[in-house]
1. In debye, nearest 20: dipole of the protein assembly as shown around its Cα centre with unit charges on the Cβ of K, R (+) and D, E (-)?
2. For chain B, divide the Cα radius of gyration by the Kirkwood radius and give the resulting Rg/Rh value with two decimals.
3. For region B:776-852, what value does the Rg/Rh ratio take when both radii are computed over Cα atoms and Rh is the Kirkwood radius, given to two decimals?
4. Tell me, what is the percent relative contact order of region A:163-374, built from C-alpha pairs under 8 Å that lie six or more residues apart?
5. Hey, if you put +1 on the Cβ of every Lys and Arg and -1 on every Asp and Glu Cβ in the protein assembly as shown, which of A:Leu137, B:Gly632, B:Val832 ends up farthest toward the positive end of that dipole?
6. What list of ³J(HN,Hα) couplings, whole Hz, do you get for region B:618-628 from phi and the Karplus terms 6.51, -1.76, 1.60, once you set θ to phi - 60° and write x for glycine and proline?
7. What's the whole-number percent of alpha carbon pairs in region B:866-912 lying beyond 17 angstrom?
8. Could you state the number of Å between the C-alpha centres of region B:692-748 and region B:396-443?
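The numbers here are math on the coordinates, done by the rules we state, and not lab data. Values in this document were obtained by computation on a predicted structure and should not be read as measured data. Positions of Cβ are generated from backbone atoms using ideal geometry, with glycine treated the same way; all protein chains shown enter the neighbour counts.
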Amino acid sequence: MPLKRTDPPALLVLEDGSSYHGYAFAGRGEVLGEVVFNTGMAGYQECLTDPSYKGQILVMTYPLIGNYGVNDDDMESAGIHLEGYIVKEYQDQPSNWRSRRTLKDFLEAHGRLGVDGIDTRSLTKKIRTAGAMRGILSTNVDDKAGLLERVRAYPGLVGQDMVAHVASTTPYLWKDGAAQPLRVGPKDRLRVVVLDCGVKYNILRHLEALSCEVMVVPSRTAAKDILALEPDGIMLSNGPGDPEPITYAVETIRALLGKKPIFGICLGHQLLGLAVGGRTSKLKFGHHGVNQPVKNIATGRIEISSQNHGFVVLTETLPKDTVVTHTNLNDGTLEGLAYPGLKAFSVQYHPEASPGPFDANYLFQDFLTLMKTHAG
Amino acid sequence: MPKRTDLKKILIIGSGPIVISQACEFDYSGAQACKSLKEEGYEVVLVNSNPATIMTDPNLADRTYIEPITKEALTKIIAKERPCALLPTLGGQTGLNTAVEVAEAGVLDEYGVEMIGATLDVIHKAEDRERFRHAMETIGLRVPRSGFARSMDEAYQVSAGIGFPVIIRPSFTLGGIGGGVAYNPEDLERQAKAGLDASMITEIMIEESVIGWKEYELEVMRDKADNVVIICSIENLDPMGVHTGDSITVAPAQTLTDIEYQQMRQAAILIMRAIGVETGGSNVQFALNPANGDLVVIEMNPRVSRSSALASKATGFPIAKIAAKLACGYTLDEIPNDITKETYASFEPTIDYCVVKVPRWTFEKFPEVQDLLTTSMKSVGETMAIGRTFKEALQKAVRSLEIGRFGLGELNPEQTAEHKKLIVSLITTPNSKRLFALAEAMRMGFDLQSLNHMSHIDPWFLTQIKQIVDAEVELKEHGPASVLLAEAKKLGFADRRLAELWGKTEDEIRTWRYAEDIIPVYKLVDTCAAEFEAYTPYYYSSYEAEDESRPSEKPKVVILGGGPNRIGQGIEFDYCCVHASFALKDLGYESIMVNSNPETVSTDYDISDKLFFEPLTLEDVLHIIRSEKPLGVIVQFGGQTPLNLAKGLAAAGVPILGTSPDAIDRAEDRERFQEIVDKLNLKQPQSAITFSAEKAVDIAERIGYPVMVRPSYVLGGRSMEIIYDTPTLAEFMVRVLEAFPDNAILIDKFLEDAIEVDVDAISDGSMTVIGGIMEHIEEAGIHSGDSACVLPPVTLAPELIRTLQDQTRMIAAELKVVGLMNIQFAIKDGVVYVLEVNPRASRTVPFVSKAIGKPLAQLATKVMLGESLAELGLTEQVWPAHVSVKESVFPFSRFPNANVVLGPEMRSTGEVMGIDWSFATAYAKAQMATGFQLPLSGTVFISVHDRHKERIVALARRFADLGFSIMATKGTAACLKNGGVQALPVAKVSEGRPHIVDRIKNGEVQLIINTSIGRRPTLDAYHIRQSAIRYNIPYTTTIEASHATAEAIKALQHNQWDVAALQDFFR
């Protein structure tokens, strides 16, 4: 990388009028999104392919990104879903035995804009103090006023159905670590139907590793169609954005309540909360990282968790018999719920990790046990 | 789980003297632990023989024992104090080993003392390699294939089964002493033997070599509830094969994907459980095959380590403090995170910068030793730098090293074939210059792939270095330009380096840069990558957009620290800096610490009001001053490092507190000092100064041999020698003019057989009070940092002492010293000579402070800020009733070929203190504290230089009277016989077998007295001293120290020594 940069300059303008200058190391053009930061020091490939980042411009707080390139294995979906990507210093010469391409090539292959040279710590502090903001990231740097106008016109995430942009539109079978055409045959093992709101592959990998038959269905699939698949359990997947506008999924879940064991993760957890009558709200700047301590109320132990959410279920709005199973040690927010009468439980964080620690893997085992208890 | 209330009193063991692989980091961890436990209301008992530690300050623990860290001393302390628990995990390997010894001796059971933090079984499981391997296999982790050998035969068998190359690792040693790599049977012969010798249990592990694999370390903490968190991941730039203490290391890991890192994390957690570390911090080392990601576990330490200190400084997470709290029952989720205040210790720090640690070696002190890095650690210190990019951090770290390099500049501008060959060998075989050789090779056109094949260094790191080299080319080719200047600063380029590249001066670059407003901002170290608001004032500089430092309006003072430890400048100076900070707080000033040494207490973020983790160069310090606008800077306490900056700072208009830079110069500049000597009518050994070899010979012949020669402005007696003849002098001049082409060479008449005395004094500008007069045990000519000394003096007549006091006061008054001053005197035939005046804190300040019970550095700080000694209540010299002895500790066992000889060039790494009511016992304790077990009976072997022959009869008689048999080389034996002392003659090595080394090996010798003259002992003396070290036989190399040893042995023979807490000496 020469001292005098040859990449085109890029500009990030936030809705409050503040702006940050950088260079486009990948792609050209202009994107709008909610600007959020992720504090993980590794795992950029997983973040890029995590459908939950739909509608967001992601800032990595770790300054050196691209170090180990991009490989064929660590995909959390088939593509990149976030809108734009901001780092301090992009690394163009990766080193890792699994690396197949550079981050720049990966972003460009998926038509995404990557910008570096920004004081990402300053930007992070801005978001921390002012809250997640709408932003516009552009290689058209001369018209700041125009950019500001466009970002202010952009509606943001609240009230928007982001799921529709990322969830599968056709059902499929997850087998041998990949999507296969769905064929419903006789059951020879526990069958899990995954309501796909933007599912991360690692949830599917975990279920398969537990010898489950994994069927993934679109987010608009009706309850009766799900039940027709004769599932032993239903997984409510993660996904992007605000849960409240996803009323169709909430209705589906409400119709499934009590019928089959249910396990919700992240957006799935929020949708489950809405389905039982609770409400959600938006966090100031959300939790995006791999070091959030979560207290398991039953055991008293702390799990270091992977998190990626901007919305949260409000505990006080839930039915009285809901059991709070996990809370966030840092800010006390709700992290896990159990609905004993409904054979359902859910967590706000990501037991499937990818990226992040394996501390909460046991939840998949819990789901398996729950399914076995109620099977047949 | 709340803290335990069944424990009242907890014993902490320190790590003793600074040695290679155990340095300030254990003062940092121990001091944190003391504070942390006291905060919880526990009574803390501490043992540490190192007086230069903050932890041994009498207010840190309730009962502070400056006693040898041995089973015997610890047993006495336990019997006296009856602690409820022993916390062995904070005092390094020494603390752990000594705890194991007392536990195995049944002492803990006898007195009902519980081991907390790590139990005996846990320690054994982690340290005993067979048990460790078994434990790893049960959790499905691989360790390199290996086998154990307790003899050379077994060593051959085991290595045959594994195949070369193999790694030799002795069981139960410190820092991998005696370890090494064997590429063939010949290497094995040598390495296995050394390893068996080095092992406390005569056992080595022979291990599959994973040389060239990538090396990683994780710092892990676990609590009683089985919560486990990873504090920091560290990736070594130097791959496996180089001791991690000798590796350039980087935090966080750079080249692992998340899943690869998480697998390592999970493995570390499983290891903590399998080994059973109940509470506290541990570190786990992994090796990873860069071709396919295969992971093997190398080792784990069930205690805090050098890496824990690094991880604490790298992340802001105080590992030792938390470890102490966990040991007394808390869980991680109950302990608040000081930095964020709103979160808890139960989380994993995430950082938004890059940290680079570079070791500091001192091979120049041991010219006989090859500059080669292996699995046995050789560096004496380290520096850490923080940057927003790796390149920035690396370049900051390089200039923090203080090795005369301000970047990855040329080793040799002429690219000859010979130089190319040298560069290749510097890259293929790890050594202290490898980083610079890599940059040089890139300039020569080597591609990264071949450099990777030669060095096994990961291509990612090579790419970063290449980017710096490429930038240099671009800078040079393009010439000066503002836009390049701004970009170069972002890559961490020092003004000095830019000046070199652009043919300008550093001042010109700085002036230009300031005019262009290209100045760094300060970013916060906050454990959480800005996710939470941080309250900790811990900063590093970077060329970024936002400045987070909010300079206050309070009056403030900047303290400049000492940078990386090296021989001649270490923990003693950090101790003084920390005390300065305490004093400033007392006086209500804001204290601002600047340092680059991650091992130290001074770089603990809660010592000063503000901490800048920055290189101690003029450029970096001026930036801080520009931002903070302090009322002054303290340069007296950090050793030579800040003193070297004083002139530049003063020139830039920065107020220097205390003694003026001009006074410093008057003391350091030969000619100017001569004027003072003349004016005050003092005596100095005859001396002269020259820049040429011929003149040197003339001078020496004029003033008469022996002469003491050295380059000016060099600390620690670097390259200083006593020379007895012209050929040696000529040879010396060639060597030293090559190493220090710009320095004048000082030639002094050497005062043979003179008594040397160190005086530390404090002055407020009008009154001077002597802190302490220290009489050296060894004669003048041995560096004061290498001599043993006693306070108060034992043989000096009252009128001599008065003379020393008077002269000290006169010099202080003449120099208008405000603060501390150290003078070295020599006394020959009743005449006092001034050897050296240092108007700054000396290495002995902590020792004197402990000996007299006055915090001299704190008092000096207050004096510098205008308080008078009268106001501070120190108007008279303190004459303690007890006796304090300081003894030096040497790294000879680390450098197998080094000449074991004391001389004017300092070579010790650390010191211990013995304190008691008599000289003999205090001296005996000091010897024990260095690791010598003085024999009470047996055979003394004596072999002395001809010059000493007349003085040995009395000495030998003393030992004979104490019941020892005397063994001597033929010449010495004959001389003794003439004097009426019977001695068994023994052959020198050069005289055929069985010779003295055979006798030593056979255990027939309990004490060795072997003196010599000059820098290099004879070959025979060399063999004798090597065996003394190898077989750990106590030895002395001077007549004076031998007499002191006899006295100590006599005391030990006659009475049972006792231990006493510092608090009791000053009751």
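1. Roughly 1240 debye, rounded to the nearest 20.
2. 0.94
3. 0.93
4. It rounds to 18 percent for region A:163-374.
5. Result: A:Leu137.
6. Using θ = phi - 60°, the values come out as 4, 4, 5, 5, 4, 4, 5, 5, 4, 6, 8 Hz.
7. Roughly 60 percent, rounded to a whole number.
8. 29 Å
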